[in-house]
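Notes for the one structure printed next.
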């Protein structure tokens, strides 16, 4: 009968490390995605107008990501933005967005007061997984957010 050669002490340690790493839980080092969309209620009042979006870290008091596009006049969703890996668990965020509507005046390309350019703020709490946020056009729920876009 032939006996197998035992592993050297170094090889046994290396094997033990490999087995421990294989059994350890894995944690994503990246944050969670945010998908932010506006439903078709934005089409009629804001179709073809520019929209600007900012992801605001409430605790840090700073904008962590921005994007812009235009509101579709006839498609659903009216707009859609994805912020990949931008949300970290335990943090509080707001989504700030405004549409360059220039109702009754204003300046093209700049964030004017709420009654001129429509603006909103939506709070995100309890981040533990990717977030899909869909909003509807509601002029009564506006909040000034221009400072996030300066």
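The values are calculated or read from the model by the stated rules, or taken from the named source; none is laboratory data. This is a predicted model, so every value here is computed, not measured. Because the Cβ atoms are built from the backbone with ideal geometry, glycine has one as well, and the counts that use them run over all protein chains shown.
Couple of notes before you dig in:
- Flag for residue 73 being surrounded by 13 or more Cβ atoms within 10 Å (Cβ to Cβ), more than 16 Å from the chain's Cα centre (by Cα) and more than 21 Å from residue 141 (Cα to Cα): yes
- Looking at 91, 43, 102, just one residue is on the phi > 0 side of the Ramachandran plot and surrounded by 14 or more Cβ atoms within 10 Å (Cβ to Cβ), and that residue is 102.
- Answer from 112, 126, 74 - the residue that is modelled with pLDDT under 95 and part of a loop (DSSP other than H, G, I, E, B): 126
- Pairs, first touching a residue at least 60 places away in the same chain (Cβ under 8 Å) in the stretch 137-149, second part of a loop (DSSP other than H, G, I, E, B) and exposed (fewer than 15 other Cβ atoms within 10 Å of the Cβ), C-beta under 6 Å, six or more apart: none
- Test: residue in the stretch 64-73 that is touching a residue at least 40 places away in the same chain (Cβ under 8 Å) and in contact with a helix residue (DSSP H, G or I) (Cβ under 8 Å, 6 or more places away or on another chain): yes
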